[in-house]
1. Which angle between 0 and 90 degrees, to the nearest 10, do you get for helix 151-162 versus the longest principal axis of the chain when only C-alpha atoms count?
2. Can you sort Cys94, Cys53 by solvent-accessible area, 1.4 Å probe, largest first?
3. So how far, in whole Å, is the C-alpha centre of the range 186-207 from the one of the range 220-246?
4. Just the C-alpha atoms of the range 48-95: what Rg/Rh do they give, with Rh taken as the Kirkwood radius?
5. Leaving out ligands, DNA and RNA, and with a 1.4 Å probe, what % of the accessible surface on the range 15-111 is carbon or sulfur?
6. For the range 1-112, what is the relative contact order in percent, using Cα pairs closer than 8 Å and at least 6 residues apart in sequence?
7. Please calculate how many Å² of accessible area the range 178-251 carries per residue, with a 1.4 Å probe and no DNA, RNA or ligand atoms counted.
8. Name the longest site-free stretch of the chain, where the excluded sites are chymotrypsin sites (Phe, Trp or Tyr not before Pro) in a DSSP loop with no more than 12 other beta-carbon atoms within 10 Å.
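The values are calculated or read from the model by the stated rules, or taken from the named source; none is laboratory data. Since the structure is predicted, the reported quantities are computational estimates derived from the model, not experimental observations. Neighbour counts run over all protein chains shown; Cβ positions are idealised from the backbone, glycine included. What goes into the accessible areas is simple: the full protein's heavy atoms, side chains included, and nothing from ligands, DNA or RNA. Shrake-Rupley method; radii C 1.70, N 1.55, O 1.52, S 1.80 Å.
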Amino acid sequence: MLELKGIHKFYNPGTVNEMCLFEDFNLKINQGEFVSVVGSNGSGKTSMLNIICGSIPVEDGQILIDGKDITKEKEYKRNRKIGRVYQNPALGTCPEMTILENMSLADHKGKFFGLTRGTNKARVDFYREQLRQLNLGLEDKMDTKVGALSGGQRQAMALLMSTLTPIEFLILDEHTAALDPKTAELIMELTDQIVKEKKLTTIMVTHNLRYAVEYGNRLIMMHQGECVIDQAGEEKQKITIDDILLKFNEISIECGN
């Protein structure tokens, strides 16, 4: 179980631009949940992901995994249990390295590299089999530099690489936003397949309300650092896109827009 407990997060503290994003923010995510997170820009979605991953610190509060406090744990240590896919396909892969080298790099996540060769020839067939599941023909392009691939191919690789080693949590930060509609559909299908096969606890931030409704077993809507909608299980299945749009409109009116 992942728990954010009493989180306080300020930006630009001690300046005229000081802003409190989270004030006593609490959230529990149970093992095996696939949580879709929606909300307007500035609602706290990506900041919440950054806090979980250790990319930004908090002023107060705790981040707990299975009851263990990891609030002070460095980002690289948390990454041993957490896989993350970013909005920009370029952030999840190394463009100047080949597909084989990228796969090998991901395969060594959390391990000691030493002075041995970076690519293990004994694992090449394993990498090819993993890539074959993407149905993009990448298994036949092992020596191709990743920078030469399309955005969709790179994002599919980033998704695969983030889950190549055993992890407990998958963090998806608007991972289809930069893709064309057809490619985005492919990436979402791959996402759902990988999450189910590996039984990963997943948090997906998205602006695509259809994806938020169709995928996952829990839906959260954030506004000004708070969860204004939090529905799971059968209640989540009843939520429609119109329900979410209605809430967006209510918030917009309250804010004077």
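1. 90
2. Sorted descending by solvent-accessible area, the residues read Cys94, Cys53.
3. Between the Cα centre of the range 186-207 and that of the range 220-246, the gap is 19 Å.
4. For the range 48-95, the value is 1.02.
5. That share works out to 47 percent.
6. 25
7. 52
8. 114-257
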